[in-house]
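Before any comments, here is the structure.
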There are 2 protein chains.
Amino acid sequence: MRIGILGSGEVGRSLARGLARHGHDVRIGTRQERVEDLPVGAPAEVVTGADLVFLSVLGTAAVDVVTSLREPLAGQVVVDTTNPLDFSAGRPELFVGHTDSLGEQVQRAIPDSFVVKAYNTVGNALMVDPDLPAGPPSMFIGGDDDAAKTVVSDLLGATGWDVADLGGIEVSRYLEPMCLAWVLYGARYGTWDHAFRLLRR
Amino acid sequence: MRIGILGSGEVGRSLARGLARHGHDVRIGTRQERVEDLPVGAPAEVVTGADLVFLSVLGTAAVDVVTSLREPLAGQVVVDTTNPLDFSAGRPELFVGHTDSLGEQVQRAIPDSFVVKAYNTVGNALMVDPDLPAGPPSMFIGGDDDAAKTVVSDLLGATGWDVADLGGIEVSRYLEPMCLAWVLYGARYGTWDHAFRLLRR
């Protein structure tokens, strides 16, 4: 697949390297001229004609970024990996929750795109080919379009993940707090290579 | 241990049977004269002198119940298994979240007790001796008192659980949404014997 990644931080770079390893044609959409040794392009150019777009910017920038790209993102599957993290209080909190979520805000900002919330309940080091004892871990996803979720689920399945589809994009209200559970465990025990798995009979 | 359980619904009855099987002296605190064949008593009587109290009433009743028992619960460890579930919209939602949680409301209502949020991210059928492939599952807990969390963690460890302590009682803001993730998966796939595990290296 041709994959465009919005975001040149740790998440974007990890996804770019990991997905390129699987043979995908990956570019990072950024205004920077270089992002390490990764292929880059202007955001609008990178998402145009992509088979899949990842939104991996800071949570505080997510809505602005997709709003500015509403036209080139129309009709496309957008994987929203962001979390509404707010560190201003000294401990991590969410800047939206309960009756709304960042996933829903992103979907509302690009109503002609198919947003799938995914990759937000695990750290960037494990996003592609997570190698954990007693795995595979489970990626919890949500989104309003079943075909878009199939694209994302197939990619997850091919890169080492079990998938647990929880429903529409509004399940971001529950997936974004799960990120905080992941963050708090990591901060408490000084570990960042943990991940959720959903055990079933 | 002598264990008092507030709540005679499915959760209370499952905990009562499961913990009695482990040799604990368990009674359900209720105003009903009988709850199947389980030992019962008046709520204030059952919690007085208990080594551990479970709060397993409906989320909508949780604060009222503990408020009415503030004196007999003083100094005691109270395991808050409740969730702020609201089914009035036709789909399950939470009636509190983001900047507050039911766990915090319960702790504020009984400031002289040591509230531990636990058992709220799994169904009652798996609360004691969960037998799942690729287990054990992980119980996510939070509470402000370390000694209280040790009591609960020891019980969990003895009854088939891995424990992941996320911090103070305010982590209920993240554990209660995880219940919704659990519920939504069950509702979508018609299964109620699933549980989270936290994989670590």
Local electrostatic count, A:Phe54, Cβ distance below 14 Å [Lys/Arg +1, Asp/Glu -1] | +1
Distances from A:Ala125 to the same position in the other copies: list them in nm, one decimal, shortest first, using label points 7 Å from Cα along Cα→Cβ.
-> 3.7
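Around A:Ala109, with a cut-off of 13 angstrom between Cβ atoms, what is the net charge of the other residues, counting Lys and Arg +1 and Asp and Glu -1?
On the way: positive: A:Arg70, A:Arg108; negative: A:Asp64, A:Glu71, A:Asp80, A:Asp100, A:Glu104, A:Asp112.
Net charge around A:Ala109: -4.
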For B:Arg201, place a label point 7 Å out from Cα along the Cα→Cβ vector, do the same in each other copy, and report the separations in nm, one decimal, smallest first.
-> 3.5
GNM on chain B, C-alpha springs below 10 Å: top fluctuator among B:Leu55, B:Leu69, B:Leu175?
-> B:Leu69
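Calculate for the protein assembly as shown the 222 nm mean residue ellipticity that helices alone would give, adding -39,500 (n - 2.57) per DSSP H run of length 4 or more and normalising by residue count, nearest 500 deg cm²/dmol. Write down the numbers at each step before the final one.
On the way: 14 runs with 134 residues, N = 402.
Roughly -9500 deg cm²/dmol at 222 nm, from the helical runs in the protein assembly as shown.
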Listed residues A:Gly23, B:Val63, A:Ala50: farthest to the positive end of the dipole of the protein assembly as shown (Cβ charges) | A:Gly23
per DSSP, antiparallel bridges as share of beta bridges in the protein assembly as shown, % nearest 5, sits at 25
Along Cα-to-Cβ, 7 Å out, sits the label point; list in nm, shortest first, how far the one on A:Thr60 is from those in the other copies.
-> 4.0
Virtual spin-label span in nm between B:Arg200 and B:Leu132, 7 Å along Cα→Cβ | 1.8
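How big is the charge dipole of the protein assembly as shown about its Cα centre, in debye rounded to the nearest 20, if each Lys and Arg gets +1 on its Cβ and each Asp and Glu gets -1 on its Cβ? Mind showing how you got there, number by number?
Values: 34 positive and 52 negative charges, 98 e Å.
Approximately 480 debye in magnitude.
For chain B, what is one quarter of the convex hull surface built on the Cα atoms, given in nm²?
Numbers: hull surface 45.0 nm².
Directional mean of the projected Cα hull area for chain B stands at 11.2 nm².
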GNM, chain B, Cα, under 10 Å: largest mean-square fluctuation among B:Arg17, B:Arg188, B:Arg34?
-> B:Arg188
Find, to one decimal place in angstroms, the Kirkwood hydrodynamic radius of the stretch A:153-197, where the mean of 1/r is taken over every pair of different Cα atoms and then inverted.
-> 12.2
Cα-projected label distance for A:Arg108 with B:His22, points at 7 Å along beta-carbon direction, nm = 4.4
Between A:Glu10 and A:Asp86, how many nm apart are label points set 7 Å from Cα along the C-beta direction?
-> 2.2
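How many times 2.2 N^0.38 Å is the alpha carbon radius of gyration of the stretch A:1-92?
Details: Rg = 13.1 Å, N = 92, 2.2 N^0.38 = 12.3 Å.
With N residues counted in the stretch A:1-92, Rg over 2.2 N^0.38 Å equals 1.07.
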Relative contact order %, chain A, counting alpha carbon pairs below 8 Å whose residues are six or more apart | 18
Would you kindly work out the equivalent ellipsoid of the protein assembly as shown from its C-alpha gyration tensor and give its semi-axes, the square roots of five times the eigenvalues, largest first in whole Å?
-> 42, 20, 18
What are the chymotrypsin sites (Phe, Trp or Tyr not before Pro) within the stretch B:7-116 that DSSP puts in a loop, where the Cβ has at most 11 other Cβ atoms within 10 Å?
-> B:Phe87
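Readers should treat all values here as calculations from the given coordinates under stated rules, not as data from a laboratory. The structure displayed is predicted, hence computed values, not measured ones. Reconstructed Cβ throughout: ideal geometry from the backbone, glycine too, with neighbour counts over all protein chains shown.
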